[in-house]
Amino acid sequence: TNYALSNLFLVNSPKTVTATWGTQYQLTLVGSDPAGTGSEVTLTPDPVAGADLWYDASALVTLSVPENTADVSGVRWAFSQWSGGATGTGLSVQVTMGGPVTVTLTWQRQVKITFTTSPVLSGVQATVDGSPIGDNTWVNDGEQVDIVAPAQVQSGGKTYEFLGWTGITGLATTTASFTDPTDLVARYQEASSPILLIGAIIAIIVAALLL
């Protein structure tokens, strides 16, 4: 019923028409959309039937993914590995369509962490697993990591001592895990001046002697 698929010909004598068919196989992708924003897989060449992912038999298909999905409100997914009809951990893999093929993609959910101090102190740097916490620091969801902030810092000619965290609990050196994007705030307080401390002690002694 779809006459566009054949050429016109004149039936002015007995004719024999032969229809030739080609075998196609379907490529099925599992886990190609970890963030729920659309498939992260680039296919080369493009499939014969678009989103249905049909390819001619014996076609060599290259599947490629980004190292990480886009940052969506402090959450992204890092590519881990291929399995099923393709294996490996590289960002690109090839599949020969010798039959129906199912390829599974595994991703690692990651969350973003940031670091500031309260009060704001210049030059104070914290680390996660030995790396400085910057504007683009990501940790694996639920994985224990080592967080370290200076126990004592100098800023503006004053000495400040670590008081505690906002965002996690623990000392200046601690371990933590994160399941959501987190703003880490290291709280500091100005250290007591030795001269003022000695003066306070003397005042207490004098007051005690006068009683």
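Element breakdown for the chain at a 1.4 angstrom probe: carbon and sulfur atoms account for 55% of the accessible area. Each Lys and Arg Cβ is given +1 and each Asp and Glu Cβ -1; about its Cα centre, the chain then shows a dipole of about 100 debye.
Eigen-decomposition of the gyration tensor built on the alpha-carbon atoms of region 1-83 gives equivalent ellipsoid semi-axes of 44, 14, 9 angstrom, largest listed first. For region 93-116, the residues whose backbone nitrogen is under 11 Å from a point 7 Å from the Cα of ASN68, taken along Cα to Cβ, are 110-113. Calculated on C-alpha atoms, the gyration radius of region 149-192 divided by its Kirkwood radius gives an Rg/Rh of 1.04. Taking only the C-alpha atoms of the chain, Rg followed by Dmax gives 32.2, 135 Å. Per Stokes-Einstein, at 4 °C and 1.567 mPa s, what whole-number D in µm² s⁻¹ belongs to region 1-49, with the Kirkwood radius over Cα pairs as the hydrodynamic radius? D = 82 µm²/s.
In region 77-191, a dipole from Cβ-located charges (positive for Lys and Arg, negative for Asp and Glu) runs towards its positive end, and of GLY134, PRO119, VAL95 it is VAL95 whose Cα lies farthest in that direction.
Loop sites only, by DSSP: take the GluC sites (Glu not before Pro) in the chain that have at most 15 other C-beta atoms within 10 Å and name the longest stretch containing none of them.
68-142
Here the translational diffusion coefficient of region 97-171 follows from Stokes-Einstein with Rh set to the Kirkwood radius across Cα pairs; for 4 °C and 1.567 mPa s it amounts to 85 µm²/s. Per-residue ellipticity at 222 nm from helix content only, as computed over the chain with -39500 (n - 2.57) for each DSSP H run of at least four residues, stands at -2500 deg cm²/dmol. Its convex hull of Cα atoms gives region 34-123 a direction-averaged projected area, equal to a quarter of the hull surface, of 7.8 nm². With both labels modelled 7 Å from their Cα along Cα-to-Cβ, the SER92 to SER39 distance reads 1.8 nm.
Averaged per residue, the chain has 63 square angstrom of accessible surface, using a 1.4 angstrom probe with ligands and nucleic acids left out. For THR102 and LEU8, a Förster radius of 25 Å and the Cβ-Cβ distance give a FRET efficiency of 0.05, rounded to the nearest 0.05.
The values are calculated or read from the model by the stated rules, or taken from the named source; none is laboratory data. Nothing here was measured: the structure is a model prediction, and the numbers come from that model. Every residue, glycine as well, gets a Cβ built from its backbone with ideal geometry; the counts of neighbours run over all protein chains shown. Accessible surface is based on the protein model in full, side chains and every heavy atom, while ligands, DNA and RNA are left aside. Shrake-Rupley method; radii C 1.70, N 1.55, O 1.52, S 1.80 Å.
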